[in-house]
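Novice: The structure that follows is given in the form of structure tokens.
The values are calculated or read from the model by the stated rules, or taken from the named source; none is laboratory data. Because the structure is a prediction, the values reported are computed rather than measured. Virtual Cβ from ideal backbone geometry, glycine too; neighbours counted across all protein chains shown. Only protein heavy atoms, including side chains, enter the accessible area calculation; ligands, DNA and RNA are left aside. Shrake-Rupley method; radii C 1.70, N 1.55, O 1.52, S 1.80 Å.
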Amino acid sequence: MKREPVTSPQRIAAIDIGTNTFLLLIADAQDGQINPVHQSAEFIRLGEGVDQTGLITQAAMQRGLACLRRFAKKAAELKVEKIYACGTSALRDAKNSVSFLHLIRAETGVKIRIISGEEEARLSYLGALSNLDCSKNQQYCVLDIGGGSTELCYGRGLAFEERVSLNLGVVRFTERFFKSDPVSSRELENAAEVIRTIWFKSGQKKASKETELVGVSGTPIMLAAMEQKISPRGIDQIEGFRLSIKQVQKWRIELAARTIEERKALPGMSSNRADIILAGALILEKVMKLAGFEALRVSTRGLRFGIALQEFEK
């Protein structure tokens, strides 16, 4: 019997340069499969202040540089053959993003490619579904709530079809609306009204009942961890967890009633997300309601896995 050829594994690194978080995936890619070797995440807040000024601050650039030095060092230690880094919302929006790209290339050798919202959506879709047993006829919506924007990526099976990008981000909304600690009811109402306005102006309608919602990014992962009272690092217990809209609403109410310091004491909460998790919970709750979803399946994967898959296929 003739055996199928097996390619040699290629060790690659994929870096997601997000508005809030930088994510590193080091994996062995072989025969269309991505096998993680190392993963890490750092809260950089590259997009801090970008919504107001249109500029990445020098402090944020230095935080990003320090992080990418650590990522490059880890890649060298694990004998990575190639590093692929992609920048998203903050780098698309900032007027001085080229300065950051030049700084990183000169200091670390890492070349960052700023990708369009359309490509980000497509790669996030592929990454989020990469470890699911997907039926080619099943309709999916991958929801990615980032620091600067929220993406809804629709497809059937692994075939990506369309993307909607909304200016709803956890860093953007926290900076814009939540001035009190704990937040006031008026601040919450104003933020919720803007979410509804942006949704309807985008022409969005409710999804079909056959569509399954898959949630990636820090917000659903953190809420799933809090619901189970486990560390967000407990990926095995978070991956595939079903989070209902009632649970999201419960946490939005709970988080709004607490100060940032009080939120840090909640089981499963990451102190680095304590200030922005309320904005994430509010955006998630409202988008699920407006789109007609009663629950979502949590995925701990996302853009970085999509980057790795795309580069391996090339």
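Novice: Tell me whether segment 151-159 contains one or more residues that are open to solvent by 10 Å² or more (accessible area, probe 1.4 Å), of a type in the set (Lys, Arg) and assigned to a loop (DSSP other than H, G, I, E, B).
Specialist: no
Novice: Moving on. If residue 163 satisfies all but one of (1) at pLDDT below 90; (2) more than 21 Å from the chain's Cα centre (by Cα), what's the number of the condition it fails?
Specialist: (2)
Novice: Scan segment 56-82 for residues that are surrounded by fewer than 16 Cβ atoms within 10 Å (Cβ to Cβ) and part of a loop (DSSP other than H, G, I, E, B) and jot them down.
Specialist: 78, 79, 81
Novice: Which helices (runs of 4 or more DSSP H) does segment 222-314 wholly contain that include 3 or more residues that are over 29 Å from residue 180 (Cβ atoms)?
Specialist: Because the criterion is at least 3 residues that are over 29 Å from residue 180 (Cβ atoms), the helices (runs of 4 or more DSSP H) in segment 222-314 that meet it are 235-238, 303-313.
Novice: Here is a follow-up. So which of 209, 205 ends up being over 27 Å from residue 176 (Cβ atoms), part of a loop (DSSP other than H, G, I, E, B), among the basic types (Lys, Arg) and out of contact with any Cys (no Cβ under 7 Å at 6 or more places or on another chain)?
Specialist: Selected residue: 209, the only one of 209, 205 that is over 27 Å from residue 176 (Cβ atoms), part of a loop (DSSP other than H, G, I, E, B), among the basic types (Lys, Arg) and out of contact with any Cys (no Cβ under 7 Å at 6 or more places or on another chain).
Novice: I would also like to ask the following. Can we say residue 140 is more than 16 Å from the chain's Cα centre (by Cα), surrounded by 24 or more Cβ atoms within 10 Å (Cβ to Cβ) and under 25 Å from residue 221 (Cβ atoms)?
Specialist: For residue 140, the condition - more than 16 Å from the chain's Cα centre (by Cα), surrounded by 24 or more Cβ atoms within 10 Å (Cβ to Cβ) and under 25 Å from residue 221 (Cβ atoms) - is met.
Novice: How many residues does segment 245-280 contain that are surrounded by fewer than 22 Cβ atoms within 10 Å (Cβ to Cβ), of a type in the set (Gly, Ala, Ser) and touching a helix residue (DSSP H, G or I) at 6+ places or on another chain (Cβ under 9 Å)?
Specialist: Qualifying residue count for the region: 5.
Novice: Among the residues of segment 126-136, what is the count of those that are in contact (Cβ under 8 Å) with a residue 24 or more places away in the chain and open to solvent by 10 Å² or more (accessible area, probe 1.4 Å)?
Specialist: So the answer is 5.
Novice: From (1) of a type outside the set (Lys, Arg); (2) touching a Ser or Thr at 6+ places or on another chain (Cβ under 7 Å); (3) open to solvent by less than 40 Å² (accessible area, probe 1.4 Å), pick out the condition that doesn't hold for residue 181.
Specialist: Here residue 181 meets the rest and fails (3).
Yes or no, residue by residue, for (1) in contact (Cβ under 8 Å) with a residue 40 or more places away in the chain; (2) surrounded by fewer than 24 Cβ atoms within 10 Å (Cβ to Cβ); (3) not in a loop (DSSP other than H, G, I, E, B):
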{"site": "90", "(1), (2), (3)": "yes, no, yes"}
{"site": "103", "(1), (2), (3)": "yes, yes, yes"}
{"site": "110", "(1), (2), (3)": "yes, yes, no"}
{"site": "124", "(1), (2), (3)": "yes, no, yes"}
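Novice: Inspect all residues belonging to segment 155-173 and state whether any of them is among the acidic types (Asp, Glu), in contact (Cβ under 8 Å) with a residue 12 or more places away in the chain and over 23 Å from residue 40 (Cβ atoms).
Specialist: Checked against the condition, which is being among the acidic types (Asp, Glu), in contact (Cβ under 8 Å) with a residue 12 or more places away in the chain and over 23 Å from residue 40 (Cβ atoms), segment 155-173 yields no hits at all.
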